[in-house]
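Input: a single structure, listed below in C-alpha cells.
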Amino acid sequence: MLRTTKVDKVNGKISVPGDKSISHRAIMIGSISKGKSKIQNFLMGDDCLSTINCFRKMGITIDIKENIVEVNGRGHYGLKEPEDILDAGNSGTTMRLMSGILSGQSFTSVITGDASLRKRPMDRIAIPLRKMGAQIEGRQGGRLAPLIIKGVDLNGIKYISPVSSAQVKSAVLLAGLYAQGETTVYESIKSRDHTERMLKYFGGNLEETSEFVTVKPSDLTGQNVHIPGDISSAAFFIAAAAAMPGSELIIENVGINPTRDGIIAVLKDMGAKIDIEDIKDNGGETVGNIRIIGSKLHGTTITADIIPRLIDEIPILAVIAAVADGITTITGAEELKVKESNRISTMVTEMKKLGIEVKELEDGMEIKGNNKITGATVESYGDHRIAMSMAIAGLFSEDTVTINGSECINVSFPNFEKILKEIVK
Ligand code: S3P
C-alpha cells in the first residue's frame, strides 16, 4: 500500500527506467532478427517481462544480466511452436503486437492475459490481420482473448486504421514482414512510431510519410539498442515539479520522440517552465535531459488532435489541472476507456474522493482548477497509471492519500516509490 502527503517542492537530478513501448519492441524485433541483440536500460517491469516469457516459450534464448538483456534472434522463421499457452499478463502491447507476428508463423498458438486484458478489445487487430488472411479466433465472436492464432501465408494489405493506435499499426506492420507484397497502414493522426524506427534500425524495408507507412518482407539483423528513459514514467515527476513553485528537477536521458512529447507541449501551454538540454540521437530515437522549474500553472483545453501524443499521460495531466488556475477541458480521448481500466471513469471517481470538482464527459473530462485536495483512500483498479497519478495527487494534499492496490505500479515503473522519496527529501 502506498501513502503520500503534502510536500512544498520536488528537487533533484534523477533518471527513470527504460521506455516500455521500446523495450517490448526490442525483444520482439530482436527475436525475429538474425543474431544477437544487446539491449541496455531495458525496462524490467512486469509487462516487458511478459513479452520476454512469451518469446522464451517460442524457443528464443533471452539472457538477463542486471538491466542488460541479450536476445539470441533466430531470424524470420526461427520461432518454435509454443508447448503451452502464451501469457501476456496485463500487457496490451504484448498481446496485440505479438498477434501480428504469430499470424505469419507455420504453427498455431494460443495467447491469453489477466482479467483486465481479457476484457480489452482485440477485434481492432484481428480485423486487419484477418484481411491479410490470418485465422484468429477468440471469445465473443473473436473480439476478446484468449485468442487462437493459426499461422498462415499472409498477403499484404492497404489498411486505413479507424483508430490512431500504435498497437494496431504495429500488429499490421509486423504481420507485413511475413506477407506477400507490400503492407500499408494509414492513420489520420500519427500514433507513436517506435516500431517503424526500430524496424529501420534493424535493417527493415520501410517507407513513410506523415500519413502512412509501408513495409515489405525484410531480413532483419540483431543490433545493440540503448532504451531511452520512458517519458510516460517521467511524466509523473515532470508534472509534479512543473506545478509546484520552488521546485527544480532534472530528468536525464528521457526519450523525446515527437510522437510522445505531448505532455511537454501541454504543460508548457499551461505555463510550465520546461527546457530540454543535451539532445542526442540514440539508435533512431531522440533523447534529452528535461529541466523543470516549478510555477503556478493555469488550465487549458486538450483536444483530439494531440491525444495520441499524450494518451498515457492524461491521468497525471488531470491531477495537475486540478491544482492549476481555471478550468481544463479534455475531449477526443475516448480511447482512454479501453486502457488497463476505463481511465475516464476511474480517474473521475477517484479524483472526486480527493475533493476535486471534475465532470465526466463522453470522451474526456472537465476539471475545475484550484481545488483543495483532501486526503482519502483511493483505488488503483489494478491500473499502474491510476495508482501513480493518485500518488502525485497526494503530494498536493494536506492529509494522507492512501492508494490501495499500488503493487500494479510494477507493470511499468518498479522503482517509482524509491525515486519519489528521493525528490521530496
Ligand atoms: C502503446 C501504445 C498505446 C499506449 C500503450 C502502449 C504501444 O496504446 O497507450 O500504453 O507500445 O504501442 P494504443 O496503441 O492502443 O493507443
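The values are calculated or read from the model by the stated rules, or taken from the named source; none is laboratory data. All values reported here derive from a predicted model rather than from experimental measurement. Positions of Cβ are generated from backbone atoms using ideal geometry, with glycine treated the same way; all protein chains shown enter the neighbour counts. Ligands, DNA and RNA are stripped out before the accessible areas are found, and what is left, the full protein with its side chains, is counted by its heavy atoms. Shrake-Rupley method; radii C 1.70, N 1.55, O 1.52, S 1.80 Å.
Overview of values
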item: Those helices (runs of 4 or more DSSP H) lying entirely in region 307-425 with at least 3 residues within 16 Å of the ligand (Cβ to nearest atom); result: 307-310, 314-323, 343-353, 384-394
item: Qualifying residue in region 252-259 (condition: open to solvent by less than 30 Å² (accessible area, probe 1.4 Å) and more than 30 Å from GLY35 (Cα to Cα)); result: no
item: Candidates GLY133, GLY246, filtered to the one that is in a loop (DSSP other than H, G, I, E, B), touching a strand residue (DSSP E or B) at 6+ places or on another chain (Cβ under 9 Å), more than 16 Å from the ligand (Cβ to nearest atom) and not assigned by TED's automatic domain parsing to the domain that holds GLY284; result: GLY133
item: Residue check for ILE160: in the same structural domain as ILE32 (by TED's automatic domain parsing), over 17 Å from ARG96 (Cβ atoms) and touching a Pro at 6+ places or on another chain (Cβ under 6 Å); result: no
item: Strands (runs of 3 or more DSSP E) wholly inside region 139-226 containing at least 1 residues that are within 16 Å of the ligand (Cβ to nearest atom); result: 144-150, 158-160, 183-186, 212-216, 224-226
item: Test result for GLY332, among the small types (Gly, Ala, Ser), surrounded by fewer than 24 Cβ atoms within 10 Å (Cβ to Cβ) and under 22 Å from ARG192 (Cβ atoms); result: yes
item: Flag if SER345 is crowded, with 22+ Cβ neighbours inside 10 Å, over 22 Å from MET244 (Cα atoms) and under 25 Å from the mean Cα position of the chain (by Cα); result: no
item: Region 390-407, residues that are open to solvent by less than 20 Å² (accessible area, probe 1.4 Å) and in contact with a helix residue (DSSP H, G or I) (Cβ under 9 Å, 6 or more places away or on another chain); result: MET390, ALA391, ILE392, ALA393, LEU395, VAL401, THR402, ILE403, SER406
item: Every residue from region 133-153 that is charged (D, E, K, R) and closer than 26 Å to HIS76 by Cβ; result: GLU137, LYS150, ASP153
item: Which listed residue, of SER31, SER21, SER91, is away from the ligand (no atom under 16 Å from the Cβ) and crowded, with 18+ Cβ neighbours inside 10 Å; result: SER31
item: Among residues of region 106-116, those that are touching a Phe, Trp or Tyr at 6+ places or on another chain (Cβ under 9 Å) and either buried (at least 21 other Cβ atoms within 10 Å of the Cβ) or outside any loop (DSSP other than H, G, I, E, B) (or both), counted; result: 0
item: Residues located in region 189-209, provided they are open to solvent by 60 Å² or more (accessible area, probe 1.4 Å) and more than 17 Å from the chain's Cα centre (by Cα); result: LYS200, TYR201, ASN205, GLU207, GLU208, THR209
item: PHE55 being of a type outside the set (S, T, N, Q), within 15 Å of the ligand (Cβ to nearest atom) and either closer than 20 Å to ASN90 by Cα or assigned to a strand (DSSP E or B) (or both); result: no
